[in-house]
Amino acid sequence: MATKLKAVKCPQCGSEKHEQIDKKRYRCLNCGTEFFLDDDDININVNHHYDFQSSSTFGSDLGIGMKLGIVALLIPLAVVFIFVFFLFQTGESSVASGGKDSVSVRETFEEMIPMIHDGKACVFYMTDRDYTVGFGQDESKYVNGYYLGFRDATTGKVLVDQLFMSEEDARDESVSSISNTSISYLQQAHRWFLIIGKRYVFEIEPKSLAIKDVSKLLFKGKQAMSTGISSITFIDSDYGEGFEVHNNLAETYYYFPASNRLYSEEAFKFAKRLPPSELNDEVRDTTYWEMHKKNISEETSSAGGLLRLWKVHAKYHLGDPQDFSFYNWISQTFSYDPGNRLVSATPVTNWFIGFNGGVVYQDAQRLLITFYPSMAPDANSVFQLRDRNGNILWTQVFDYQFNEISDAILCGDKFWIWGTRKDIDNYSSPRIYSFNLKDGKMEEHISIPYEYKIEAK
């Protein structure tokens with residue numbers, strides 16, 4: 001029987017495009033399948049060539065077998081990819097949170113100040129704390145929010161740590177401006193106070209490491225404050241040691257903890273200018289120092305450039321309103337005294353070169369000052385102890401510049417401060433430093449980190 005060539009389709013993919021290999025054998029131009037004609041039957045010899053060149057686009061003329069083969073290849077690859085991706089994401093989450101056995105913590109310190117506990121230096125802090133909890137960890141064990149506490153200044157050990165307000169409660173109480181905080185030691189009352197968000201008042205007791213909300217207790221028995229506090233702030237130190245407080249009727253009062261007296265706005269303005277002869281035998285003497293500055297040029301702006309120390313002797317009403325704004329900035333001398341309370345004001349130094357100067361500690365015998373010796377960006381910070389007559393007892397120059405410095409405390413034979421250094425990246429964690437009272441020898445103690453890890457609960 002004669003062999004007849006028929007117009008046939010590829011038995012593998014159905015394409016009619018093919019080429020003749022020899023007398024009876026053909027190759028599909030679409031999928032590469034070889035086949036031959038035997039009598040009137042089409043016998044198939046499958047032989048795929050994956051290097052086969054085709055002018056057709058991928059998928060348009062791709063054979064069914066080829067498609068199935070590709071799918072069979074891609075499925076396990078996709079499974080492997082998804083598995084690896086999942087492991088990577090899980091690992092990344094674990095790294096960010098410190099792993100399953102640890103939790104990452106980020107602190108934003110709103111307040112930090114050295115205090116004394118049990119004859120040793122400690123640091124009180126208020127911080128906005130954020131916990132980063134990893135996959136598989138119990139989020140309920142960690143509360144993001146605002147915390148108050150104490151750390152030992154030499155070891156860094158946390159002595160007390162308590163939650164003031166959770167992040168969620170802060171939003172509900174509309175205290176998002178939590179950064180609006182202030183802290184002050186009222187010398188006449190011998191008490192530390194912290195104001196948060198102009199609404200909450202805490203008394204800090206470093207002796208017992210207690211932190212108490214006294215927002216309501218402070219005004220117990222004061223009828224004018226029975227409606228509650230709408231806002232509270234410290235008054236300017238020139239006008240005494242107390243609070244300016246507004247009740248919920250928008251009335252303004254002034255409260256002084258040392259005397260437990262509440263003044264109306266009119267009574268406060270009157271009392272702060274009373275002369276010593278009218279202070280009902282409650283008059284006291286005080287001596288303190290002020291640092292004044294003068295700009296060398298307009299370029300120095302508020303940095304000054306020339307500094308001078310004054311010793312001021314004045315009379316005051318124990319625990320009640322004052323008006324100690326004696327200095328006339330126009331004439332650069334002491335001439336303002338509406339209550340006749342100024343006894344004397346004497347410059348104890350000539351003008352000396354110093355930028356961004358300030359007094360960080362003073363008592364009846366000495367004062368500790370700090371300044372930059374020049375306007376150079378890398379000017380080192382200088383600390384200097386002077387006696388009551390302005391004479392230099394010692395000078396300590398750091399090898400770096402501080403961005404921020406706290407007020408100092410005198411504990412034992414050392415001054416204690418914290419500061420943030422101006423590093424290469426203009427950013428550093430707060431560090432605790434001490435100066436020997438006798439010779440100014442400096443010691444660097446702990447660094448209080450902004451970010452760290454804790455063991456998971």
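The values are calculated or read from the model by the stated rules, or taken from the named source; none is laboratory data. Keep in mind that this is a model prediction, so the values were computed, not measured. Positions of Cβ are backbone-derived with ideal geometry, glycine not excepted, and every protein chain shown enters the neighbour counts.
Figures for the structure shown
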quantity: Answer residue from the stretch 228-276, given it is under 25 Å from Val343 (Cβ atoms) and in a helix (DSSP H, G or I) and is nearest to the chain's Cα centre (by Cα) among those; calculated: Ser237
quantity: Qualifying residue in the stretch 248-260 (condition: of a type outside the set (S, T, N, Q), surrounded by fewer than 19 Cβ atoms within 10 Å (Cβ to Cβ) and within 20 Å of Gln188 (Cα to Cα)); calculated: yes
quantity: Single condition Leu309 does not satisfy, out of (1) in contact with a helix residue (DSSP H, G or I) (Cβ under 9 Å, 6 or more places away or on another chain); (2) under 25 Å from Gln188 (Cβ atoms); calculated: (1)
quantity: Test result for Ser331, farther than 30 Å from Asn403 by Cα, more than 34 Å from the chain's Cα centre (by Cα), of a type outside the set (D, E, K, R) and in a strand (DSSP E or B); calculated: no
quantity: Single residue of the stretch 422-434 satisfying the filter (assigned to a strand (DSSP E or B) and buried (at least 19 other Cβ atoms within 10 Å of the Cβ)) that is modelled with the lowest pLDDT; calculated: Lys422
quantity: Single residue of Thr227, Thr233 found to be farther than 18 Å from Pro114 by Cα and touching a Leu at 6+ places or on another chain (Cβ under 6 Å); calculated: Thr227
quantity: Counted residues, the stretch 244-276 - those being in contact (Cβ under 8 Å) with a residue 60 or more places away in the chain and not hydrophobic (A, V, I, L, M, F, W, C); calculated: 7
quantity: Residues satisfying the stated conditions in the stretch 285-319, i.e. modelled with pLDDT of 95 or more and of a type in the set (Asp, Glu); calculated: Glu290
quantity: Restricting the stretch 205-227 to residues that are β-branched (Val, Ile, Thr) and assigned to a loop (DSSP other than H, G, I, E, B), the residue that is modelled with the lowest pLDDT; calculated: Thr227
quantity: Single residue of the stretch 385-400 satisfying the filter (among the hydrophobic types (A, V, I, L, M, F, W, C) and in a strand (DSSP E or B)) that is farthest from Lys441 (Cα to Cα); calculated: Ile392
quantity: Residue identified as surrounded by 19 or more Cβ atoms within 10 Å (Cβ to Cβ), hydrophobic (A, V, I, L, M, F, W, C) and either within 23 Å of the chain's Cα centre (by Cα) or modelled with pLDDT of 95 or more (or both) among Ile454, Ile448; calculated: Ile448
quantity: Considering residues of the stretch 374-396 that are in contact (Cβ under 8 Å) with a residue 24 or more places away in the chain and in contact with a Phe, Trp or Tyr (Cβ under 8 Å, 6 or more places away or on another chain) only, the residue farthest from Met115 (Cα to Cα); calculated: Met375
quantity: Extreme residue, surrounded by the fewest Cβ atoms within 10 Å (Cβ to Cβ), among residues of the stretch 359-374 that are of a type in the set (S, T, N, Q) and assigned to a strand (DSSP E or B); calculated: Gln362
quantity: Extreme residue, surrounded by the fewest Cβ atoms within 10 Å (Cβ to Cβ), among residues of the stretch 109-167 that are small (Gly, Ala, Ser) and modelled with pLDDT of 90 or more; calculated: Gly119
quantity: Cβ pairs under 8 Å, 6+ apart, first in the stretch 191-217 and in contact (Cβ under 8 Å) with a residue 12 or more places away in the chain, second of a type in the set (Lys, Arg) and in a strand (DSSP E or B); calculated: Phe202/Lys212; Glu203/Arg191; Glu203/Lys212; Glu205/Lys212
quantity: Qualifying positions in the stretch 277-296 - more than 18 Å from Val343 (Cβ to Cβ) and assigned to a loop (DSSP other than H, G, I, E, B); calculated: Asn280, Ile296
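Conditions tested, residue by residue: (1) of a type outside the set (Ser, Thr, Tyr); (2) within 25 Å of Arg366 (Cβ to Cβ).
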{"position": "Gln396", "(1), (2)": "yes, yes"}
{"position": "Phe402", "(1), (2)": "yes, yes"}
{"position": "Ser406", "(1), (2)": "no, yes"}
{"position": "Gly412", "(1), (2)": "yes, yes"}
{"position": "Gly419", "(1), (2)": "yes, yes"}
{"position": "Ser434", "(1), (2)": "no, yes"}
{"position": "Gly440", "(1), (2)": "yes, yes"}
{"position": "His445", "(1), (2)": "yes, yes"}
{"position": "Pro449", "(1), (2)": "yes, no"}
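Okay, residues lined up against (1) buried (at least 17 other Cβ atoms within 10 Å of the Cβ); (2) assigned to a loop (DSSP other than H, G, I, E, B); (3) at pLDDT 95 or above:
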position	(1), (2), (3)
Ser325	no, yes, no
Pro338	no, yes, no
Phe355	yes, no, no
Ala376	no, yes, no
Phe383	yes, no, yes
Gly419	yes, no, no
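Yes/no per residue for (1) charged (D, E, K, R); (2) touching a strand residue (DSSP E or B) at 6+ places or on another chain (Cβ under 7 Å); (3) under 15 Å from Gly197 (Cβ atoms):
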| position | (1), (2), (3) |
| --- | --- |
| Ile211 | no, yes, no |
| Lys222 | yes, yes, no |
| Met225 | no, yes, no |
| Gly228 | no, yes, yes |
| Ile232 | no, yes, yes |
| Asp236 | yes, no, no |
| His246 | no, yes, yes |
| Phe256 | no, no, no |
